[in-house]
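The values are calculated or read from the model by the stated rules, or taken from the named source; none is laboratory data. What you see is a predicted model; the values in this text were computed from it and never measured. Reconstructed Cβ throughout: ideal geometry from the backbone, glycine too, with neighbour counts over all protein chains shown.
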Amino acid sequence: MQVMGMKKMLMALAFLLFSATATEEYVRPLPRETISLPWKPIHPSLPQQVHISLAGDKHMRVSWITDDESSPSIVEYGISPGKYTSSSEGESTTYSYMFYDSGKIHHVVIGPLQDDTVYFYRCGGQDPEFKFKTPPSQFPITFAVVGDLGQTGWTSSTLDHITNCKYDVHLLPGDLSYADYRQHLWDSFGELVQPLASERPWMVTEGNHEKESIPLFKAGFEAYNARWKMPYEESGSGSNLYYSFEVAGVHIIMLGSYTDYDEYSNQYSWLKVSSFVLIDKARHLSDCNFLKTF
């Protein structure tokens, strides 16, 4: 009897401890300091803030910035280091924001590319050489999903975790640089993520920190749209703020919650048309997989 009583007391104590732990409120970790990247002299034609994104079937968009306005928007690429068997030319843009003038922002679409293959490339006709790996054509495929990156000590630890993951595509559903009107932070963010974003496609959508609107002066999303061009045209969208893409049989819809989305909006109309296309396609497929981010 004493043994049974002791067991009941221990079980009751364990239950109380579990209940106390389960109902304990989550405590947000304290903020970490903003990362300060060391300044170093850069040749005006040197590619900076290099990142890649999917741009339609078997194609990749390479984006980067140069301080040299005469630098060409060209990407050379191949499957062996230093041997570039193909090249593509693209487009460039710039923007001004109050007292800030951006560098020359280049966007070049390359392809068609082989699936699940490592490519070596360089931007603007000069070194350094970068490399990326294309996603597989079918399952399995691995997505890394991280939002609200910013540029703090927490960002560093998050990027370290991503580095250790063997992922194929990164989905970033909003709040990239936390520039919040301070345009130089867009530049430092681009440099911060370049080691990862130049090797795997980063598919992003906007958050409130990308808006940066100024009544009567700036409509919003100017820096975001200029720097991070996504495959909205390839997916029939009329705006870089919402789009879709397909990879390894998975159809991903990236919706924009900071642009109009009611039943009379362009986004809503686009989504309806896209949905009908997907439903029709699903009728002819045994497996159809969808992933939406907001």
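Side notes on the structure shown:
- Taken together, the residues in the stretch 141-161 that are exposed (fewer than 15 other Cβ atoms within 10 Å of the Cβ), in contact (Cβ under 8 Å) with a residue 40 or more places away in the chain and more than 13 Å from residue 202 (Cα to Cα) amount to 2.
- Counting only residues that are within 16 Å of residue 105 (Cβ to Cβ) and outside any loop (DSSP other than H, G, I, E, B), the stretch 197-239 holds 10 of them.
- Pick from the stretch 175-198, criterion surrounded by fewer than 21 Cβ atoms within 10 Å (Cβ to Cβ) and in contact with a His (Cβ under 8 Å, 6 or more places away or on another chain), ranking: farthest from residue 97 (Cα to Cα): 196
- All conditions but one from (1) out of contact with any helix residue (DSSP H, G or I) (no Cβ under 8 Å at 6 or more places or on another chain); (2) loosely packed, with under 15 Cβ neighbours inside 10 Å apply to residue 172; the one that does not is (2).
- Hey, residue 200 among the charged types (D, E, K, R), without any contact (Cβ under 8 Å) to a residue 60 or more places away in the chain and more than 18 Å from residue 258 (Cβ to Cβ) or not: no
- Considering the stretch 156-172, and only residues there that are at pLDDT 95 or above and in contact with a Ser or Thr (Cβ under 9 Å, 6 or more places away or on another chain), the residue that is nearest to residue 244 (Cα to Cα) turns out to be 171.
- Entirely in the stretch 35-109, the strands (runs of 3 or more DSSP E) that have 3 or more residues that are closer than 29 Å to residue 234 by Cα and in contact (Cβ under 8 Å) with a residue 60 or more places away in the chain: 48-54, 60-66
- Just one residue in the set 244, 269 is in a helix (DSSP H, G or I), without any contact (Cβ under 8 Å) to a residue 40 or more places away in the chain and on the phi < 0 side of the Ramachandran plot; that residue is 269.
- The stretch 162-183, subset without any contact (Cβ under 8 Å) to a residue 60 or more places away in the chain and of a type in the set (D, E, K, R), residue nearest to residue 196 (Cα to Cα): 166
- Among the candidates 222, 206, 212, residue that is crowded, with 22+ Cβ neighbours inside 10 Å, over 18 Å from residue 47 (Cα atoms), of a type in the set (Asp, Glu) and touching a residue at least 40 places away in the same chain (Cβ under 8 Å): 206
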